[in-house]
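Everything below concerns the one structure shown next.
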Amino acid sequence: MSTSESFIGLINRMDDSFIRNNAYMVSKNLTARALKNVDPATQEKIFRNLPETEAEAIKKLMADLGTISIGDVEAAQREILSMAQPYV
């Protein structure tokens, strides 16, 4: 299973309250990089569980990143996966 598939699977397994209660553990910059090439439905699951100002800040960071390598996206996803490991 690829890093992106593992990351998306993790997001899909999380319930909304888990995301809301633990989103503070991940920086906006890391979240923006990890979500950069992820499908809109997965992005929306994260955004709807964040305060509106934080979701908008992450969306802006994503836009400001421009094109980034898949390697950078996967590195961010791996970092989040390792952070989440004890909780899932």
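Close Cβ contacts (under 6 Å, 6 or more residues apart or on different chains) running from residues in region 46-67 that are of a type in the set (Val, Ile, Thr) and surrounded by 12 or more Cβ atoms within 10 Å (Cβ to Cβ) to residues that are assigned to a helix (DSSP H, G or I) and at pLDDT 95 or above comprise ILE58/LYS28; ILE58/THR31; ILE58/ALA32.
Restricting VAL26, VAL73 to residues that are of a type outside the set (S, T, N, Q), on the phi < 0 side of the Ramachandran plot, in contact with an Asp or Glu (Cβ under 9 Å, 6 or more places away or on another chain) and surrounded by 12 or more Cβ atoms within 10 Å (Cβ to Cβ) narrows the list to VAL26.
When VAL38 is tested against (1) surrounded by fewer than 16 Cβ atoms within 10 Å (Cβ to Cβ); (2) of a type outside the set (Gly, Ala, Ser); (3) under 18 Å from THR67 (Cβ atoms), just one condition goes unmet, and that condition is (1).
Check whether at least one residue in region 14-31 is over 13 Å from the mean Cα position of the chain (by Cα), aliphatic (A, V, I, L, M) and modelled with pLDDT under 95, and report yes or no. No, that holds for no residue.
VAL73 meets the conditions (1) farther than 20 Å from MET1 by Cα; (2) at pLDDT 95 or above in every case but one. The failed one is (1). Take the conditions of a type outside the set (Lys, Arg), closer than 21 Å to GLU5 by Cα and part of a helix (DSSP H, G or I) and apply them to ALA55. Does it pass? No, not satisfied.
The values are calculated or read from the model by the stated rules, or taken from the named source; none is laboratory data. Predicted model only: the values in this text are computed from it and were never measured. With ideal geometry, Cβ positions are generated from the backbone for all residues, glycine too; neighbour counts draw on all protein chains shown.
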